[in-house]
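Peer 1: Input: one structure, supplied below.
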Amino acid sequence: MARQSPANLAFNALLFCALGWAILAYWIVASHAGAMPHLINTLACAPVMACALRRFHAACPRRLRGGMRPPGTHRAGRLALALLFASGAAFGAALASGSVLIVAVLALACCCMPWTRCRAHRQHLLLSFAALAAGGALALAASARPLTIMVALPAAWCLWTMAALLCIALCGSELRKNRRR
């Protein structure tokens, strides 16, 4: 497998953090829980999300995120968001089937996708994550089986662990780079 860019690894870390948070948020809303589980979910996700966001901004400078849009990028942006929506739907279908292993395999497959080559993913992080969450929520809502905590919690922790490992790998590569200087 080709070496992934730091920006792509950081985007995947952000993607996994957001997806893990969305999975538990979906379960919390579906189970009619109060505000405390939402707070615990957010506090559990926040450190890894902050690290991943910091790594993304370090790996993908503003000049790569902004700039003029060449003609035809609207269609490419819609296609990129549709691909992320489909990825979210695949995660949702895996959760609906009750298999955390399939969620982990899909997460590993997402690590191979060159997400940051798409300008839409570099420029509009929130829109990218909204498309992912919408695809997952739609697939879960269309499922006949309800999402249980015995599937939601291990899947979210699996995604958060993968995000944390990606952040550690990115920090390690930055430390090695600084040591060489």
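Peer 1: Could you order peptides 18-25, 100-107 by the average number of other Cβ atoms within 10 Å of their residues, highest first?
Peer 2: 18-25, 100-107
Peer 1: I need the shape label for the stretch 82-167. Rule: rounded when a/c is under 1.5, else prolate if a/b > b/c, else oblate, with a, b, c from the alpha carbon gyration tensor.
Peer 2: oblate
Bear in mind these aren't lab numbers, they're just calculated from the coordinates by the rules spelled out. The model shown is predicted, which means the values in this text are computed figures rather than measured ones. Positions of Cβ are backbone-derived with ideal geometry, glycine not excepted, and every protein chain shown enters the neighbour counts.
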